[in-house]
Amino acid sequence: MRRLGWLIPALYILFLMVPIYWLLNMSFKTTNEILGGFTLWPRNFTLASYREILTNPVWYNGYINSIIYVTVNTLISVAAALPAAYAFSRYRFLGDKHLFFWLLTNRMAPPAVFALPFFQLYSAIGLFDTHIAVALAHCLFNIPLAVWILEGFMSGVPKEVDETAYIDGYSFPRFFVKIFMPLIASGIGVAAFFCFMFSWVELLLAKTLTSVEAKPIAAIMTRTASASGYELGLLAAAGALTIVPGAVVIYFVRNYIAKGFALGRV
Amino acid sequence: MDKTWNNRAWFMVLPVLALVAFNAIIPLMTVVNYSVQETFGDNVFFFEGVIWFQQVLNSDRFHAALGRQLTFTFTILAIEIPLGVAIALAMPRRGFWVSVCLVLMALPLLIPWNVVGAIWNIFSLPDIGLLGRVLNSFTHYNYTREPGDAWFTLILMDVWHWTSLVVLLAYAGLQSIPDAFYQAAKIDGASPWAVFRYIQLPKMKRVLIIAVLLRFMDSFMIYTEPAVLTGGGPGNATTLLSIDLVKIALGQFDLGPAAAMSIIYFLIVLLLSWIFYTVMMRGEGQQ
Amino acid sequence: MGLTWMAWTWQTATFFGVIALLLVAMTVWEFASPGGAPRRGVLGIETTRGDRLFISLLGSAFIHLAWLGLVGPDLWWALGLSLIYAVAVFRWV
């Protein structure tokens with residue numbers, strides 16, 4: 001049993017990789033080959049789809065837009081969540097538990113019907129079709145998550161650390177930046193990773209709040225698919241490229257993810 | 001940990017409160033306002049009272065969508081949670097392969113949701129998709145025609161997409177167990193089941209709460225992936241709650257009924273999540 | 001930036017006003033007697049008065065929905081029932 005234990009994760013990873021292989025496979029084929037028949041690997045290997053995406057501004061601007069608002073959202077979410085998580089982990093205050101649960105309820109609101117009020121709200125304050133609009137809107141579900149994760153990590157740091165620092169004459173902001181933040185660095189990494197992930201994969205709100213200037217790549221994909229028929233090769237290449245930023249980020253935080261959660265209040 | 005009472009802590013929470021309240025409370029109030037009125041566009045509204053709520057509560061269409069939603073959510077929870085825990089238990093605890101496993105497993109989580117739908121859409125096509133082709137050599141499979149096949153594909157897609165989240169969380173819980181615990185268990189001659197039941201499961205409890213809550217909430221609101229994969233079809237076979245909601249709100253532009261439906265939807269999620277949260281946190285206070 | 005798009009009605013404004021007043025009242029109550037009076041009621045879970053308010057409000061919402069779905073649009077009865085339910089929650093939960 002123990003000796004064959006590695007088979008379970010191996011088979012699972014195989015299961016995860018097969019659809020991704022199929023996507024890559026199609027992205028290297030011509031549309032004719034895709035629609036013409038069933039081939040396990042590209043017979044006429046072509047990079048035409050990728051060339052089209054990387055040279056056509058309509059396509060590559062989508063990637064730039066997505067990366068801008070995702071980065072801004074991650075920065076805002078983590079920066080706002082840090083002091084709040086500290087408050088939740090160190091103090092009891094009026095209505096704290098209810099506030100915490102209320103924050104979580106914002107992950108439960110179905111985005112589908114909030115789409116229209118969101119559109120009108122951000123139009124009313126003149127932010128429609130800007131990167132900051134999407135970054136702010138994604139705070140709705142990312143800030144609660146960041147607070148939740150960071151609170152766990154902070155509760156793992158003994159309170160004596162804070163008290164010793166105050167006795168040594170540290171002011172609160174200096175203590176927080178110089179001593180406390182390095183202690184929970186892996187927690188910040190994990191929280192940032194999850195904010196990046198949920199902002200990167202969300203489409204409904206991002207699509208509602210943008211039209212031209214800040215349109216995310218995922219929305220461009222749906223538009224192109226309906227406008228010029230079934231350009232499967234192009235669609236597959238665009239899809240394959242949306243995996244790249246995520247893969248880069250996960251590579252950088254891979255050690256944090258394993259150790260990271262363990263340090264938290266898990 | 002003993003926490004001190006300090007109401008000035010509110011100042012630290014203010015930024016979060018302002019940002020979330022701006023995004024949550026204003027749209028929520030607007031949805032409530034819509035739900036009691038009729039509109040024909042141009043911001044002209046007529047008060048209708050609770051008629052939309054009555055309509056939605058008595059509509060077979062809503063009952064059917066809610067039934068499908070509950071079926072979907074509890075099916076994927078029943079598959080993903082045990083599967084995720086089993087994979088986390090079988091994973092190596094240290095060394096080179098840990099990183100490889102984690103990076104590869106996290107990949108599906110980082111793919112935009114409509115791309116996930118698109119991948120499975122082409123992967124399952126009966127004529128040119130790998131899955132469709134393979135299944136068709138054993139049995140008759142066509143997810144755009146057969147409701148059963150559509151459901152099978154939908155659930156397989158969700159398992160593919162989200163089981164890794166459970167694995168990551170469960171694995172993190174396992175990592176926090178000191179080696180001394182396992183050595184002690186070995187000396188006592190504990191069976192693998194006893195190790196799981198009395199050492200591993202209690203340590204994973206908290207992360208499993210997070211995993212179940214997250215998977216429950218997210219699967220209950222799932223929209224993009226099934227919308228791209230099947231569009232709710234064939235017929236209405238895979239029309240989950242939020243797909244139905246968008247069909248009413250944006251397809252037919254019936255804002256009132258859609259708003260009433262989303263409030264009922266939100267209240268159901270709120271109730272179920274609160275029950276989950278309360279039941280699972282019950283043990284926390286006594287430790 | 002006008003607020004017409006929010007489509008306010010006096011009915012919904014009153015509703016949110018009452019919720020806001022309830023929260024203010026709970027805050028004042030908390031300052032008058034701090035601690036939230038935690039106890040273990042019939043549900044077997046520890047509740048403070050904030051929890052009891054939440055249970056009352058959520059329960060009332062479902063009482064109203066049930067009345068609408070099963071009986072009819074005359075919600076004054078449902079409101080009365082909700083008040084009885086809320087008193088019961090504050091007394092026994």
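The values are calculated or read from the model by the stated rules, or taken from the named source; none is laboratory data. For clarity, every value in this text was computed on a predicted model and none was experimentally measured. Counting neighbours? That spans all protein chains shown, and the Cβs are built from the backbone with ideal geometry, glycine included.
Anything in the stretch B:39-94 that is polar (S, T, N, Q) and either touching a residue at least 60 places away in the same chain (Cβ under 8 Å) or in contact with a strand residue (DSSP E or B) (Cβ under 7 Å, 6 or more places away or on another chain) (or both)? List them, or say none. Those that are polar (S, T, N, Q) and either touching a residue at least 60 places away in the same chain (Cβ under 8 Å) or in contact with a strand residue (DSSP E or B) (Cβ under 7 Å, 6 or more places away or on another chain) (or both): B:THR39, B:GLN55, B:GLN69, B:THR73, B:THR75. Scanning the stretch B:28-54 for residues that are within 27 Å of A:ARG107 (Cα to Cα) and either more than 7 Å from chain C (Cβ to nearest Cβ) or in a strand (DSSP E or B) (or both) yields B:LEU28, B:VAL31, B:SER35, B:GLN37, B:TRP52. The residues in the stretch B:224-260 that are touching a residue at least 40 places away in the same chain (Cβ under 8 Å), within 12 Å of another protein chain (Cβ to nearest Cβ) and part of a loop (DSSP other than H, G, I, E, B) can be counted, and the count is 2. Looking across B:LEU250, B:LEU229, B:LEU255, B:LEU240, one residue alone is crowded, with 23+ Cβ neighbours inside 10 Å, closer than 18 Å to A:THR208 by Cα and of a type outside the set (D, E, K, R). It is B:LEU255.
Just one of the listed residues (B:VAL36, B:VAL20) is in contact with a helix residue (DSSP H, G or I) (Cβ under 7 Å, 6 or more places away or on another chain) and over 30 Å from A:SER89 (Cβ atoms), namely B:VAL36.
Counting the residues of the stretch A:30-51 that are within 10 Å of chain B (Cβ to nearest Cβ) and either surrounded by fewer than 11 Cβ atoms within 10 Å (Cβ to Cβ) or assigned to a loop (DSSP other than H, G, I, E, B) (or both) gives 4.
Does C:ARG40 meet the test of being at negative phi and surrounded by 14 or more Cβ atoms within 10 Å (Cβ to Cβ)? Even if it seems obvious, please write down each step before you answer.
On the way: at negative phi: yes; surrounded by 14 or more Cβ atoms within 10 Å (Cβ to Cβ): no.
No, not satisfied.
B:ASP149 satisfies every condition listed in (1) within 30 Å of A:PHE38 (Cα to Cα); (2) among the acidic types (Asp, Glu); (3) at pLDDT below 85 except (3). The set of residues in the stretch A:111-133 that are buried (at least 24 other Cβ atoms within 10 Å of the Cβ) and under 22 Å from B:LEU214 (Cβ atoms) comprises A:ALA112, A:VAL113, A:PHE114. Going through (1) closer than 30 Å to B:PRO192 by Cβ; (2) touching a residue at least 60 places away in the same chain (Cβ under 8 Å); (3) out of contact with any Phe, Trp or Tyr (no Cβ under 7 Å at 6 or more places or on another chain) one by one, B:CYS101 falls short only on (2). In a residue-by-residue description of the stretch A:88-103, the property of being closer than 20 Å to A:LEU204 by Cα, at the interface with chain B (Cβ under 10 Å from one of its Cβ atoms), free of Cβ contacts under 8 Å to residues at least 60 places away in the same chain and not in a helix (DSSP H, G or I) applies to no position.
I'm checking my understanding of the structure. Among residues of the stretch A:37-90 that are among the aliphatic types (A, V, I, L, M) and over 23 Å from the mean Cα position of the chain (by Cα), which one is nearest to A:TYR21 (Cα to Cα)?
In the first step, residues of the stretch A:37-90 are kept if they are among the aliphatic types (A, V, I, L, M); the result is A:40, A:47-48, A:53-54, A:58, A:64, A:67-68, A:70, A:72, A:75-76, A:78-82, A:84-85, A:87.
Keeping just the survivors that are over 23 Å from the mean Cα position of the chain (by Cα) gives A:40, A:47-48, A:87.
On the way: A:LEU40: 10, A:LEU47: 16, A:ALA48: 18, A:ALA87: 46 Å.
Taking the candidates together, the pick is A:LEU40.
Can you find, within the stretch C:4-33, the residue that is modelled with the lowest pLDDT among those that are part of a loop (DSSP other than H, G, I, E, B) and within 8 Å of another protein chain (Cβ to nearest Cβ)? Among those residues, the one meeting the criterion is C:ALA7. Scanning the stretch B:261-287 for residues that are more than 10 Å from chain A (Cβ to nearest Cβ), modelled with pLDDT under 85 and either buried (at least 16 other Cβ atoms within 10 Å of the Cβ) or within 24 Å of B:GLY49 (Cα to Cα) (or both) turns up just one, B:MET280.
Condition check: in the same structural domain as A:ARG174 (by TED's automatic domain parsing), free of Cβ contacts under 8 Å to residues at least 12 places away in the same chain and either crowded, with 18+ Cβ neighbours inside 10 Å or in contact with a Ser or Thr (Cβ under 9 Å, 6 or more places away or on another chain) (or both). Does A:THR74 satisfy that? No. Within the stretch B:175-200, the set of residues being over 33 Å from the mean Cα position of the chain (by Cα), part of a loop (DSSP other than H, G, I, E, B) and not hydrophobic (A, V, I, L, M, F, W, C) comprises B:ASP188, B:GLY189, B:SER191.
Say we look at the stretch A:103-158 and pick out the residues that are β-branched (Val, Ile, Thr) and more than 16 Å from A:THR210 (Cβ to Cβ); which of these is modelled with the lowest pLDDT?
Only one residue fits best here, namely A:VAL113.
At the interface with another protein chain (Cβ under 10 Å from one of its Cβ atoms), out of contact with any His (no Cβ under 9 Å at 6 or more places or on another chain) and surrounded by fewer than 23 Cβ atoms within 10 Å (Cβ to Cβ): does that describe B:ARG215? For B:ARG215, the condition - at the interface with another protein chain (Cβ under 10 Å from one of its Cβ atoms), out of contact with any His (no Cβ under 9 Å at 6 or more places or on another chain) and surrounded by fewer than 23 Cβ atoms within 10 Å (Cβ to Cβ) - is not met. Scanning the stretch B:112-134 for residues that are in contact (Cβ under 8 Å) with a residue 40 or more places away in the chain and among the β-branched types (Val, Ile, Thr) turns up just one, B:VAL116.
Quick grid of which residues meet (1) within 13 Å of chain B (Cβ to nearest Cβ); (2) under 18 Å from B:SER35 (Cβ atoms); (3) among the small types (Gly, Ala, Ser):
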| residue | (1), (2), (3) |
| --- | --- |
| C:GLY36 | yes, no, yes |
| C:ARG49 | no, no, no |
| C:LEU68 | yes, yes, no |
| C:ILE84 | no, no, no |
| C:ALA88 | no, no, yes |
| C:ARG91 | no, no, no |
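Tallying residues that are touching a Phe, Trp or Tyr at 6+ places or on another chain (Cβ under 9 Å) and in a helix (DSSP H, G or I) within the stretch A:188-218 yields 14.
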